[in-house]
Amino acid sequence: MTDDLDELYQTVLVEHSKRPRNFGEFPEAAVHVDADNPSCGDEIHLHADFDESGKVNTLQFTGQGCAISQASASLMTLKLKGKTREEALQMLGEFRELVTEEPATENEALGDLIAFGGVRKFPQRVKCAMLAWRAFEQAHEEWQGKQN
Ligand code: ZN
């Protein structure tokens, strides 16, 4: 079990949880989404801006919780910047597969996100890893709703 936990907290996770990227308030953002994961006590407040086509312009987040939830949010803001809605949702789907299913092949498109592969051994932590991504899905929906 200890080895598995060590694997779970790979360097990239520790690094991102200690020094999260794009962490901070962003009052001018078009959309603000609050997401929480009560079973672990994680909170993510996602601040998102999109261009007219729905491409991700800026993602910032604030929040607190376990290393997995915060590192996942940090990496997500880096990965999704500049992505179209389709690209972002595809990455979301690939990330969900990574943390829930044994992948048949390494998915190179995920890059550093591969570090979260160990989460699949801990079903309760999947919610931690997915929290920011669920917030993003909701943020994009809310933004689209505002366009109509
Ligand atoms: Zn958590």
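The values are calculated or read from the model by the stated rules, or taken from the named source; none is laboratory data. All values reported here derive from a predicted model rather than from experimental measurement. As a convention, Cβ positions derive from the backbone with ideal geometry for all residues, glycine included, and neighbour counts pool all protein chains shown. These area figures cover heavy atoms from the full protein model, side chains too; ligands, DNA and RNA do not enter into them. Shrake-Rupley method; radii C 1.70, N 1.55, O 1.52, S 1.80 Å.
The rows are residues; the columns are (1) away from the ligand (no atom under 16 Å from the Cβ); (2) hydroxyl-bearing (Ser, Thr, Tyr).
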site	(1), (2)
Ile68	no, no
Ser74	no, yes
Lys79	yes, no
Leu89	yes, no
Leu98	yes, no
Glu101	yes, no
statement: Checked segment 58-104 for anything open to solvent by 30 Å² or more (accessible area, probe 1.4 Å) and without any contact (Cβ under 8 Å) to a residue 24 or more places away in the chain; matches are Gln64, Glu86, Glu87, Gln90, Glu94, Glu97, Glu101, Glu102, Pro103, Ala104
message: Looking only at segment 41-57, filter to residues that are more than 10 Å from the ligand (Cβ to nearest atom) and part of a loop (DSSP other than H, G, I, E, B); which one of those is least open to solvent (accessible area, probe 1.4 Å)?
response: Gly54
- request: Find all pairs meeting these conditions: Cβ atoms under 8 angstrom apart; at least six residues apart or on different chains; first residue within segment 119-133 and modelled with pLDDT under 95; second residue more than 8 Å from the ligand (Cβ to nearest atom) and among the acidic types (Asp, Glu).
  value: Arg120/Glu101; Arg120/Glu102; Lys121/Asp4; Phe122/Asp4
message: Regarding segment 19-28, can at least one residue be identified that is under 13 Å from the mean Cα position of the chain (by Cα), at pLDDT below 95 and buried (at least 16 other Cβ atoms within 10 Å of the Cβ)?
response: no
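One line per residue, one yes/no per condition, for (1) open to solvent by less than 50 Å² (accessible area, probe 1.4 Å); (2) assigned to a helix (DSSP H, G or I); (3) touching a Leu at 6+ places or on another chain (Cβ under 7 Å):
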position: Gly111; (1), (2), (3): yes, yes, no
position: Ala115; (1), (2), (3): yes, yes, yes
position: Gly118; (1), (2), (3): yes, yes, yes
position: Gln124; (1), (2), (3): no, yes, no
position: Cys128; (1), (2), (3): yes, yes, no
position: Trp133; (1), (2), (3): yes, yes, yes
position: Phe136; (1), (2), (3): yes, yes, yes
position: His140; (1), (2), (3): yes, yes, no
position: Gln144; (1), (2), (3): no, yes, no
